[in-house]
1. Please find, in a Gaussian network model of the chain (springs between Cα atoms separated by less than 10 Å), the residue of Cys80, Cys121, Cys96 whose mean-square fluctuation is greatest.
2. Does the stretch 71-158 classify as rounded, prolate or oblate by the C-alpha gyration tensor (a ≥ b ≥ c root eigenvalues; a/c under 1.5 gives rounded; else a/b over b/c gives prolate, otherwise oblate)?
3. Select from the chain the helices, each a whole stretch of DSSP H, whose alpha-carbon atoms run 18 Å or more along the helix axis and whose Kyte-Doolittle mean is at least 0.0; answer none if there are none.
4. Roll a 1.4 angstrom probe over the protein heavy atoms and tell me the percent of accessible area of the stretch 38-158 that is carbon or sulfur.
5. Between Asp87 and Ser100, what is 0.36 nm times their sequence separation minus the Cα-Cα distance? Round to one decimal in nm.
6. Taking 8 Å as the Cα distance limit and 6 or more residues as the minimum spacing, I'd like the relative contact order of the chain as a percentage.
7. To the nearest 0.05, how large is the calculated FRET efficiency for Ala72 and Ser43 if R₀ is 30 Å and r is the Cβ-Cβ distance?
8. List the residues of the stretch 115-147 whose backbone N lies under 19 Å from a point placed 7 Å from the Cα of Gln31 along the Cα-to-Cβ direction.
Amino acid sequence: MKPTLLGSRVSLRAIHDQDIDDLFEIYGDSQTMEFASDAVFSSKDMMTQMLESVARLEESGESLEWAIMELATKKVIGTCGLHGFSDGGQACEVGCLLNSRYWRQGYMSEALSLLFSHAKCLGIDTLYADIEDRNLPSQALFKKLGFEAKNGQFQFML
């Protein structure tokens with residue numbers, strides 16, 4: 001079972017069925033999803049399918065996914081996770097989404113710092129992030145967190 005990771009303004013916790021409304025606010029928003037690998041979700045039924053997929057990927061050991069919950073309101077404002085494990089589990093890719101209403105307020109920086117600390121505890125020493133060329137805010141965030149652009153993706157050694 002994944003631990004809950006506690007920060008000063010956010011916690012990373014397991015995603016629950018009760019989070020569907022908050023998650024749909026994220027995955028159903030065209031601004032939030034502009035650079036995501038998935039299309040904008042058009043219904044809450046798609047959220048249910050996504051949660052089932054997340055559960056399957058976690059059970060198979062292919063992915064670890066957390067809800068980013070704002071502590072002050074208990075609202076789920078984003079997701080982040082580790083997936084695409086390689087090098088015997090010592091390397092993986094980072095994925096994240098944040099509700100556009102919470103951009104540029106430091107929430108994702110805090111969430112990813114918690115995630116990276118946990119990844120190190122798991123024995124992961126290399127993180128990768130695929131960020132589109134046009135997604136300059138995400139590139140800036142990952143650079144601020146210590147990632148370097150290498151071979152078309154961003155890389156960070158823990």
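The values are calculated or read from the model by the stated rules, or taken from the named source; none is laboratory data. In this text the structure is predicted, and so the values were computed from the model without any measurement. Using ideal geometry, Cβ is built from the backbone for each residue, glycine included, and neighbour counts are taken over all protein chains shown. When the accessible area is computed, the model is the full protein with side chains, heavy atoms only, and any ligands, DNA or RNA have been set aside. Shrake-Rupley method; radii C 1.70, N 1.55, O 1.52, S 1.80 Å.
1. Looking only at Cys80, Cys121, Cys96, the largest GNM fluctuation is found for Cys121.
2. Cα axes put the stretch 71-158 in the oblate bin.
3. 107-121
4. Carbon and sulfur atoms account for 50 percent of the accessible area of the stretch 38-158.
5. Value of the extension gain: 1.3 nm.
6. 21 percent
7. So the FRET efficiency works out to roughly 0.55.
8. What the label zone holds, given the 19 Å backbone N cut-off, is 134-141.
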